[in-house]
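Visitor: Sharing a structure here in C-alpha cells format.
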Amino acid sequence: VQLQASGGGSVQAGDSLRLSCAATGRLPNRYTMAWFRQSAGKEREFVAAFSWSGGSTAYGDSVKGRFTISRDNAKNTVYLQMNSLKPEDTAVYYCAADRSPKIYTSKRVYENWGKGTLVTVSS
C-alpha cells in the first residue's frame, strides 16, 4: 500500500489543523493506519492509530483529548484532526500502515510509510 500525507502548515498555538493520509494499493482498507511524528533531534513518536478491525483507536499520551483520528474507507483516507495545538506539537508528521488488526505503538511494526508533512506551531 502506498501512502500520501498532506495538510501540514504553520499555525499559531491554540489553532487547529487537519492532516490527511490517502492510501492506494491492494486492500488499503484492511490496514491499521497510524500517525507518527518526529521533531528535530528526537525519536519518531506514536501519535494515533485506527484499526481496520472493529474501528478501535489509540492515542499517544501527549495528544489525548486534543487529537482525533478518523477514517473514511470509501476514500481510503485517514485523518488526524489536531486541536489546541501547542509549540511542542511542531514536527514532521508521518502516516503509516500495518496489516495487523491490532494497534501497535512501535514504529518498527509498521511496514508502510508515507512521506512526512511538516506542522509548525508558533507561540
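Visitor: With respect to LEU19, is the statement that it is in contact (Cβ under 8 Å) with a residue 40 or more places away in the chain and part of a strand (DSSP E or B) true? Full working, then the answer.
Guide: On the way: in contact (Cβ under 8 Å) with a residue 40 or more places away in the chain: yes; part of a strand (DSSP E or B): yes.
Yes, satisfied.
Visitor: With the requirement that a residue be modelled with pLDDT of 90 or more, in a loop (DSSP other than H, G, I, E, B) and open to solvent by 50 Å² or more (accessible area, probe 1.4 Å), what does region 101-113 give you?
Guide: Listed by number, the residues that qualify are LYS102, TYR104, THR105, GLU111.
Visitor: Within region 85-100, does at least one residue satisfy the condition of being open to solvent by 60 Å² or more (accessible area, probe 1.4 Å) and modelled with pLDDT of 95 or more? Before you say what the answer is, go through the steps one by one.
Guide: Narrowing region 85-100 to residues open to solvent by 60 Å² or more (accessible area, probe 1.4 Å): 86, 88, 99.
Right, trim to modelled with pLDDT of 95 or more and you get 86, 88.
Yes.
Visitor: Somewhere in region 21-31, is a residue of a type outside the set (Val, Ile, Thr), farther than 17 Å from LEU3 by Cβ and over 12 Å from the mean Cα position of the chain (by Cα)?
Guide: Checked region 21-31: no residue is of a type outside the set (Val, Ile, Thr), farther than 17 Å from LEU3 by Cβ and over 12 Å from the mean Cα position of the chain (by Cα).
Visitor: Among the residues of region 53-95, how many are part of a loop (DSSP other than H, G, I, E, B), free of Cβ contacts under 8 Å to residues at least 24 places away in the same chain and closer than 19 Å to GLY7 by Cα?
Guide: Start the filter on region 53-95 by keeping residues that are part of a loop (DSSP other than H, G, I, E, B), which leaves 53-56, 60-66, 73-76, 83-86, 90.
The next check asks that each one be free of Cβ contacts under 8 Å to residues at least 24 places away in the same chain; those that pass are 55, 61, 64-66, 74.
Retained after the next criterion (residues that are closer than 19 Å to GLY7 by Cα): 66.
The qualifying residues number 1.
Visitor: Restricting to region 39-49, give me the number of residues that are in a strand (DSSP E or B) and open to solvent by 40 Å² or more (accessible area, probe 1.4 Å). Reasoning before the result, please.
Guide: Here is the first cut: in region 39-49, the ones in a strand (DSSP E or B) are 45-49.
Right, trim to open to solvent by 40 Å² or more (accessible area, probe 1.4 Å) and you get 45.
Residues in region 39-49 being in a strand (DSSP E or B) and open to solvent by 40 Å² or more (accessible area, probe 1.4 Å): 1 in total.
Visitor: How many residues does region 55-72 hold that are open to solvent by less than 50 Å² (accessible area, probe 1.4 Å) and either touching a Pro at 6+ places or on another chain (Cβ under 8 Å) or of a type in the set (Val, Ile, Thr) (or both)?
Guide: Residues in region 55-72 being open to solvent by less than 50 Å² (accessible area, probe 1.4 Å) and either touching a Pro at 6+ places or on another chain (Cβ under 8 Å) or of a type in the set (Val, Ile, Thr) (or both): 2 in total.
The values are calculated or read from the model by the stated rules, or taken from the named source; none is laboratory data. Keep in mind it's a predicted model, so treat the numbers as computed, not measured. We place every Cβ from the backbone using ideal geometry, glycine too, and count neighbours over all the protein chains shown. Ligands, DNA and RNA are stripped out before the accessible areas are found, and what is left, the full protein with its side chains, is counted by its heavy atoms. Shrake-Rupley method; radii C 1.70, N 1.55, O 1.52, S 1.80 Å.
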